[in-house]
Every structure is written in structure tokens, then in C-alpha cells.
1. Can you list the HN-Hα couplings for segment 79-84, worked out from phi with the Karplus curve (6.51, -1.76, 1.60; θ = phi - 60°), rounded to whole Hz and with x for Gly and Pro?
2. List Arg87, Arg64, Arg193 from most exposed to least, where exposure is judged by having the fewest other Cβ atoms within 10 Å.
3. Based on the mean of other Cβ atoms within 10 Å per residue, sort peptides 149-159, 91-101 so the most packed one is first.
4. Calculate how large, on average over all directions, the projected area of the Cα convex hull of segment 109-211 is; give the answer in nm² to one decimal.
5. How would you classify segment 40-198 from its alpha-carbon gyration tensor, with a ≥ b ≥ c the square roots of the eigenvalues: rounded for a/c under 1.5, else prolate if a/b is greater than b/c, otherwise oblate?
6. Each residue of segment 55-61 in order: what ³J(HN,Hα) in whole Hz does its phi give by Karplus 6.51 cos²θ - 1.76 cosθ + 1.60, θ = phi - 60°, with x for Gly and Pro?
7. Within segment 109-211, what percent of beta bridges assigned by DSSP are antiparallel, to the nearest 5?
8. Determine the shape class of segment 37-81: with a ≥ b ≥ c the square roots of the Cα gyration tensor eigenvalues, call it rounded for a/c under 1.5, and otherwise prolate if a/b is greater than b/c, oblate otherwise.
Amino acid sequence: MQREKFEETAVILEQKKIAGGIYSMWLGTKEIAAYAKAGQFVSVYSNDGSRLLPRPISICEIDREKKALRLVYRVVGKGTEEFSAMRSGEALKVVGPLGNGFPKGEKKAFLIGGGIGIPPMLELAKELECKKQIVLGFRDELFLMDEFREQGEVYVATEDGSAGTKGNVLDAIRENALAADVIYACGPTPMLRALKEYAAEKQIECWISMEERMACGIGACLACVCKSKEVDAHSNVKNKRICKEGPVFAAEEVEF
């Protein structure tokens with residue numbers, strides 16, 4: 001079945017800086033918010049004609065009543081720097097919702113986010129109707145903590161030990177003797193690789209959202225492929241497009 005996808009001129013409803021280099025932007029949409037799901041993303045286009053490729057940004061929150069999306073992003077280049085300087089009332093071309101979101105169940109869950117993989121876990125936390133333990137890994141400065149605390153138990157790991165457990169998300173899980181039946185995670189590749197191994201060891205279901213630098217965002221350019229263990233009739237390893245077949249995959253499906 002063809003998924004709904006829209007190209008819109010979205011209007012900025014609110015924009016603010018919430019941490020060093022991290023911005024929160026609410027966008028008013030006509031259709032995208034109505035069809036978006038946790039784990040999906042949108043492609044945001046620069047208003048500068050010299051920047052042709054869009055910036056893929058994960059959806060942090062969805063307000064269907066107000067037809068609005070919240071994007072929380074890090075400034076990493078000229079495109080996101082341009083977005084961060086924009087104000088309420090200004091417009092951006094946005095295409096979405098794109099990609100596959102997280103499957104939702106009722107099992108006791110870990111929701112695990114690392115770095116800029118933290119924002120997309122917020123909408124999932126809001127949509128899941130189950131026992132949730134939210135484990136967030138930061139380099140140092142925290143963000144979105146109030147929003148996450150409204151959705152469940154929150155545990156924090158920081159690289160410098162300035163808050164929560166010193167170390168990574170698995171250190172926080174072990175230090176607090178946490179357990180769950182399913183993992184939902186988004187973050188850098190080393191974190192996802194470690195969680196895949198942890199899930200296999202504990203024999204629990206694990207879904208991961210891959211962070212990858214994308215170009216077109218619609219599966220045409222093959223710039224964001226990952227290796228998959230799904231094989232064809234000739235037993236060849238397939239490459240999957242993170243923007244199209246993902247960004248969410250079953251952990252055992254992906255080769256790191």
C-alpha cells in the first residue's frame with residue numbers, strides 16, 4: 001500500500017534554542033502531521049537556492065489537533081544553521097512524512113536515545129501504551145528532560161558523569177538493574193551495535209532507528225544504504241536504504 005507523503009510550505013510556529021547547538025522548531029502543516037508516526041522524519045528544504053538537497057530531520061512530537069510537528073535538531077552545517085536563524089511566521093518547504101516508524105506493542109519497553117537520536121523517542125513515548133523505562137545518553141548538557149519525565153521513568157547517562165550514570169546507556173541500564181521485553185532505540189552506530197548485542201544476549205526484541213547522513217530522503221540516490229542480513233535467492237547480502245526501508249529496522253536485520 002502506498003504511504004501518504006506530502007510536499008508542503010510549512011510555517012514556523014515557534015523556534016527556540018534548548019541546549020548548546022540544539023534547537024526546537026514547531027511547524028504548522030496542512031497534511032503531514034495528520035499522517036506522521038513516531039520514528040518517521042521529514043525532509044526540510046533550504047530557502048537558499050544554492051543548497052539543493054534537503055535536510056532530513058526526525059519528528060520529535062506530533063500535535064494532530066493543531067496540525068503541527070516539532071523538530072528538534074542540531075546545527076551541523078549551513079542548512080541547519082539557516083533554519084536556526086529563522087523565526088515564527090517564516091516558511092519552509094517540507095516533504096513528509098518519510099520512512100517507516102516504530103512498530104508499537106504492549107510489552108514492557110526500554111526507550112533508548114543517544115545524542116540527537118533522543119528527540120524521536122519522545123513521540124514514541126507518547127504513543128506507546130505500556131510500561132516504559134526511558135534511558136537517555138548525553139555527552140554532557142541535558143535537553144527535553146521535562147517532556148520525557150511526563151511519559152515515564154527516566155534514567156540518564158552522561159559521558160562526563162555530570163548527571164546520572166557516568167558512561168553510556170547500557171551502563172545506566174546495568175547500574176539501575178533495569179529489565180524489559182523490547183528495546184526501541186535511536187542514536188549513533190556504536191550505541192546501536194552495543195544494544196543489538198545486548199538484545200541478543202538477553203533474547204529480547206529490539207528495534208533500532210538508524211542515524212545516517214541522507215541526501216534525497218526518498219530512496220532514489222542510494223546515498224544512505226546499510227547492510228542487511230536479509231538475503232535473496234542467490235544468498236547475496238542486500239543493501240537497504242535507510243530513508244526508504246528504514247530508518248527503523250529490527251536489530252537482527254542489520255549488519256554493523
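Each reported figure results from applying straightforward, stated rules to the coordinates on display, with no laboratory input. No experiment lies behind these values; they were computed from the predicted model shown. Cβ atoms come from the backbone with ideal geometry, glycine included; neighbour counts cover every protein chain shown.
1. Couplings: x, 5, 5, 4, 4, 5 Hz.
2. Values: Arg87 8, Arg64 11, Arg193 15.
Ascending Cβ contact count within 10 Å gives the list Arg87, Arg64, Arg193.
3. Values: 149-159: 16.5, 91-101: 21.7.
Per-residue mean Cβ counts within 10 Å order the peptides as 91-101, 149-159.
4. On the way: hull surface 22.4 nm².
Average of the hull's projected areas for segment 109-211 equals 5.6 nm².
5. Details: a/c = 2.08, a/b = 1.61, b/c = 1.29.
Here segment 40-198 falls in the prolate category.
6. Each residue's phi maps through the Karplus curve to give 9, x, 10, 5, 7, 8, 9 Hz.
7. On the way: 0 of 25 bridges.
So the antiparallel bridges in segment 109-211 amount to around 0 percent.
8. On the way: a/c = 2.46, a/b = 2.00, b/c = 1.23.
The shape class here is prolate.
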